[in-house]
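Each remark here refers to the structure printed beneath this line.
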Amino acid sequence: MKLKAKIQLFSTGLAIVTLLIVNSLAYFLFEQFSYDNAATPLRNDVQQVAAAFTSVTDPAQLPTILRAFVPENGALRVLEGEQLLSSIETREELYNYEVAISQTEPYTRSTNDNGSVVSVATTAILGSGEIVTIELHQQTSALDDTLALLFRTFVLVTLLGALLLVTANFLVGKQVTAPIERLIAHMRTNREQGSYQVVEVEENRKDEPAQMSREFNAMMEKLEENYLKQENFVSSAAHELKTPLTIIESYASLLKRRGTEDPEVTAESLDAITSETERMKLMIEQFLELARSQQSVDVELKEANIVPLVQTLANQLQSVYSRAIHVSAPKEVYLETDVARLRQLLTVLLDNAQKYSENPVRIELDSRQIRIHDEGEGIPEEAIPHLFDRFYRVDQARTRSKGGSGIGLAIAKELAYQLKLDITVESKLDVGTTVYLTHKK
């Protein structure tokens, strides 16, 4: 069942049930109130009759008193036990009308062929000492007609209300589901055409459909961006892998032609193949690392003193690179971070720094920043905005000679984002480069 049908069915059904309950309750209360009002004068009349009977010494006087109090459309009777002493009826259908009347209730309601009858009863003592029961009945035809008219009115109001509710809920359901249907149409078009179309949204609209449309547009833009990045990544990766494979293929062909005749050619070819194989292996590992760094992961940031981590890492990399790495920091610098990922980030940046500098690398720490400085070749100003792009190289020849693949800083950027660090670069040609890792507030 579609959402529009569910909205119409549920809201209409609930509204109709509510309307029925309210109208039924109103009718019941009005009916009860009306019969209570009808019984009140009857109770007064029967008490007056009982008071008048205290002076009656002869049962022959009873009809006279009864005629004075008998109501219109009613009947008044006096019984001694089961014996009827006297009765007066103004409605033929009430002649000999019998009903069990409760004297503990305000009145008793019953029905005959002409509608409802309200009856009251009380006990009286005649002046001669006999104890009698006085019964007063009244046919409530006018009240029945009023209640019948009220019932028909409530039924008509309920039907008209239900019709209006169906119409209103149809319009509301259509208005609510229209944006969803537009989104579905756009999704279908995007799927069939492989496009990333967005929907038009009025800027001043703040309702949920508008918010949903904006989120859809943001998702489409993100999907398109990721698709283009993926497409660019595949293209760049293929290009990067093509070069070492071409070199390997060329030297393998050279070995096949002249390897058995010339030992120098054999040695040169094997060295080149080994070097390019290692380079390609490193490149593939970096591809995998970049893919892992961009996955949605839960990074648990905990407060830790990062000074021992930096000093230990610097000592280890000094041995690996045979290059001095100086650490300048107070005894304690606490940062909310993931220690393993911070180590990975610093390793990427320090590896990059030592590649392009023959001088010692400096690491400076304080409560606000981590700064990594090298005194290398420097980076042109126009290249700095592109440093963190995948496969970007400042100088193709220089990078290839250093063994770079152009994705180390892209990995660093992803890691910095996960650790809630801003990463920026300052550099001057022939002076050096400084990378800043700033804690986000």
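The values are calculated or read from the model by the stated rules, or taken from the named source; none is laboratory data. What you see is a predicted model; the values in this text were computed from it and never measured. Note: ideal-geometry Cβ built from the backbone for every residue, glycine included; neighbour counts use all protein chains shown. Just so you know, the surface numbers come from the protein's heavy atoms only, side chains and all, with ligands and any DNA or RNA stripped out. Shrake-Rupley method; radii C 1.70, N 1.55, O 1.52, S 1.80 Å.
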Measure of compaction for the chain (Cα Rg per 2.2 N^0.38 Å):
2.23
Quote the FRET efficiency, to the nearest 0.05, computed for Tyr27 versus Thr90 with a Förster distance R0 of 30 Å and r equal to the Cβ-Cβ distance.
0.50
Treating the stretch 120-271 as a set of equal point scatterers at the Cα positions, no solvent, please give the Debye-formula log₁₀ I(q)/I(0) at q = 0.08, 0.13, 0.20, 0.21 Å⁻¹.
-0.67, -0.90, -1.19, -1.23
Work out, step by step, the length gained on full extension between Thr64 and Phe151: first 0.36 nm times the residue separation, then minus their alpha carbon distance; give nm to one decimal.
27.2 nm
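May I ask you to list the chymotrypsin sites (Phe, Trp or Tyr not before Pro) in the stretch 62-126 that are in a DSSP loop and have at most 16 other Cβ atoms within 10 Å of their Cβ? Present the calculation step by step, with values, prior to reporting the outcome.
Numbers: sites: Phe69, Tyr95, Tyr97, Tyr107; in loops: Tyr95, Tyr97, Tyr107.
Here the chymotrypsin sites (Phe, Trp or Tyr not before Pro) that fit, given the DSSP loop and packing criteria, are Tyr95.
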Would you please give the FRET efficiency between Thr167 and His439, computed as 1/(1 + (r/R0)^6) with r the Cβ-Cβ distance and R0 = 45 Å, to the nearest 0.05?
0.15
If you take the beta carbon distance between Glu221 and Ile384 as r and set R0 to 22 Å, what does 1/(1 + (r/R0)^6) give as a FRET efficiency, to the nearest 0.05?
0.25
Work out, step by step, the length gained on full extension between Glu364 and Asn37: first 0.36 nm times the residue separation, then minus their alpha carbon distance; give nm to one decimal.
108.2 nm
Can you give the extra length, in nm with one decimal, that the chain gains between Met187 and Ser319 once fully stretched, where that is 0.36 nm per residue apart less the Cα-Cα distance?
41.9 nm
Nearby aspartates and glutamates by direct alpha-carbon distance to Lys428 (threshold 14 angstrom, same-chain neighbours under 8 apart not counted)
Asp374, Glu375, Glu377, Glu381, Glu382
Computed label-point distance, nm, for sites Asp113 and Glu336 using a 7 Å Cα→Cβ extension:
9.0 nm
In the stretch 1-129, with Lys and Arg counted as +1 and Asp and Glu as -1 at Cβ, which of these residues, Ser55, Asn96, Ile21, has the Cα nearest the positive end of the dipole, that is, farthest along it?
Ile21
Just to be sure I understand the model, the point goes 7 Å from the Cα along the line to the Cβ. What's the resulting Ala304 to Leu79 distance in nm?
9.8 nm
Restricting things to Cα coordinates, could you compute the convex hull volume per residue of the stretch 83-176 in Å³?
137 Å³
Obtain the nm distance between the two label points defined at Ser328 and Ile180 by a simple spin-label model: each point lies 7 Å from its Cα along the Cα-to-C-beta direction.
6.2 nm
Computed ³J(HN,Hα) along the stretch 357-362: with the Karplus parameters 6.51/-1.76/1.60, θ = phi - 60°, integer Hz and x for glycine or proline, the list is 8, 8, 8, x, 9, 10
Roughly how many Å² is the accessible area per residue of the chain, as a whole number, for a 1.4 Å probe?
60 Å²
Which residue, Asp366, Asp36, Asp113, tops the fluctuation ranking in a GNM of the chain built on C-alpha contacts under 10 Å?
Asp113
